[in-house]
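The values are calculated or read from the model by the stated rules, or taken from the named source; none is laboratory data. Predicted model, so just to flag it, every value in this text is computed and none were measured. Cβ: placed from backbone, ideal geometry, glycine included. Neighbour counts: every protein chain shown. Heavy atoms of the whole protein, side chains included, go into the accessibility calculation; ligands, DNA and RNA do not. Shrake-Rupley method; radii C 1.70, N 1.55, O 1.52, S 1.80 Å.
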Amino acid sequence: MATPHPLTTTVSGADVRVRFCPSPTGLPHVGMVRTALYNWAYARHNGGKMVFRIEDTDAARDSEESFRQLVDALTWLKIDWDEGVEVGGPHAPYRQSERHDIYREVIDKLIATGALYESYSTAEEIDARNEAAGRAKQLGYDNYDRDLTEEQKEAFRAEGRQPALRLRVPDEDVTYVDLIRGEVTFPAGSFPDFVVVRPNGVPLYTFVNPVDDALMGITHVLRGEDLMPSTARQLSLYAALIDAGVTTFVPRFAHMPLVLGETGNKKLSKRDPQADLFLHRDRGFIPEGLLNYLALLGWSIGPDRDVFSLDEFTAAFDIVNVNPNPARFDQKKAESINGDHIRMLGEKDFAERTIPYLAAAGLFDEPTHEQLVTAFRVAPLVQERVQLLGEVPGMVGFLFTDEVSYAEDALKGLPANAAEVLDACVVALEPLEEFTPGKIQEALAAELVEKLELKPRIAYGPPRVAITGRRISPPLFESMELLGKEESLRRLRSLSAFLAS
């Protein structure tokens, strides 16, 4: 029976070292952020270190803009790192594109031990040999070049061929214990000697990624299950790196479940709007709410509990408790959890976070002192009513304009006697000297509920539409106080005239 490599690490606590190593291509994806979050939480839970490095060897796809967006995303979410890009550390540089000399040294050591060998076979030659041997093409390379003589190599060189370098993989089963999925074995012969360096001398990702992990002392590789098939090759390379004296141990691996879209059983696509982290931010997710929801995509803090703080998460999180089954992204649940976190914010904190959304909605450019005062006064009135910060402008916009536009559904919901109700509101409010929520409610109740014998739902619907333009709004009486007596009366008369026209 195969057993894991005897030098597999057993470290825990402060010796734990994890890494987040994305490629800077495209916008940050929520699946990628979940990977960063779990690595960060595991490091913080153990008192260990998180390394943030960049896999930027694909010059055609990598971009500095995408890198800056990654940093922006992690900074917004308050996922910090102990070593890596932007902060430095003992294993710099932390970009693959700047580590070619380091890779060359490791390649030379592996050549010296015989772990790497020159391979001259072309794809066509490999296919032809497989066909002649009755071997399926999809099995790929047949390890033909393992034992080429020096004369054979010279003959290939004379043809002008440049060799790739392949790793000589073990001829026995490769086994490891996945921290999420348990024991996993890759049978002997299930994967061939694989290319680690192209004929042009450029090392492949399958080489540089484990080499960086080894040189940076990464003890736990926590990544998505889509990368699980490459683990056998990484473990084979690690064995060679240990033999060459490059490292002294094999890390532990854990493969996190896929994040699926809301429908079907497909992985959440980069093209799916739910995958776009910045779209969630633009719509008004706050970091606390989004991180809470992403934490639930494969993990649970306990039965019947979905809402928790980041500190509670890091205190409770252990990678071994992650569920191996795929997790489905549920937009409604995400928004509900975000709403719970919005309600946990202090009033001042919530108000400050709404200002950029009010500005983005065009309610002001640079807010005046008066506009800021209004924004801070109205914020507590809507904090209990929104799930996203992006909902706030629509609810409070009436306070920042002189022209109220009436929503179609609000007008349709008005009773037939709405103009009469509005005129009665004017009669009730005109004499008021103290224009406070309590006095406003008292006056309107006396005129509408008692005198006209209207039910409150009928009584207060027309003035709500007149004041805010909406069927659903912040509390009516507090909204009138914020507008002031004269502006409130003007709006009541304005809707009455509009209905009469």
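Restricting region 304-327 to residues that are acidic (D, E) and assigned to a loop (DSSP other than H, G, I, E, B) leaves a set whose member that is most open to solvent (accessible area, probe 1.4 Å) is D304.
Just to be sure before I move on: is F435 within 48 Å of the chain's Cα centre (by Cα), farther than 24 Å from T354 by Cβ and among the aromatic types (F, W, Y) in the structure I sent? The answer is yes for F435. Being out of contact with any Lys or Arg (no Cβ under 7 Å at 6 or more places or on another chain), touching a residue at least 60 places away in the same chain (Cβ under 8 Å), among the basic types (K, R) and under 18 Å from N338 (Cα atoms) is a property that R353 has. Each residue in region 450-480 was checked for being farther than 22 Å from D402 by Cβ and either touching a Leu at 6+ places or on another chain (Cβ under 9 Å) or open to solvent by less than 50 Å² (accessible area, probe 1.4 Å) (or both), and 6 pass.
Residue pairs whose Cβ atoms lie under 8 Å apart, separated by 6 or more positions or on different chains, with the first residue in region 484-501 and within 10 Å of V404 (Cβ to Cβ) and of a type in the set (S, T, Y) and the second in a helix (DSSP H, G or I) and open to solvent by less than 10 Å² (accessible area, probe 1.4 Å), are S494/A466. Within region 426-472, the set of residues being more than 16 Å from L499 (Cβ to Cβ), of a type outside the set (D, E, K, R) and outside any helix (DSSP H, G or I) comprises P431, L432, F435, T436, L452, L454, I472. Of the listed requirements (1) over 22 Å from V196 (Cβ atoms); (2) open to solvent by 80 Å² or more (accessible area, probe 1.4 Å), R61 misses just one: (1).
Counting the residues of region 166-179 that are part of a loop (DSSP other than H, G, I, E, B), in contact (Cβ under 8 Å) with a residue 24 or more places away in the chain and either surrounded by fewer than 19 Cβ atoms within 10 Å (Cβ to Cβ) or of a type in the set (K, R) (or both) gives 4. Counting the residues of region 364-395 that are of a type in the set (D, E) and either surrounded by 19 or more Cβ atoms within 10 Å (Cβ to Cβ) or under 17 Å from F285 (Cβ atoms) (or both) gives 1.
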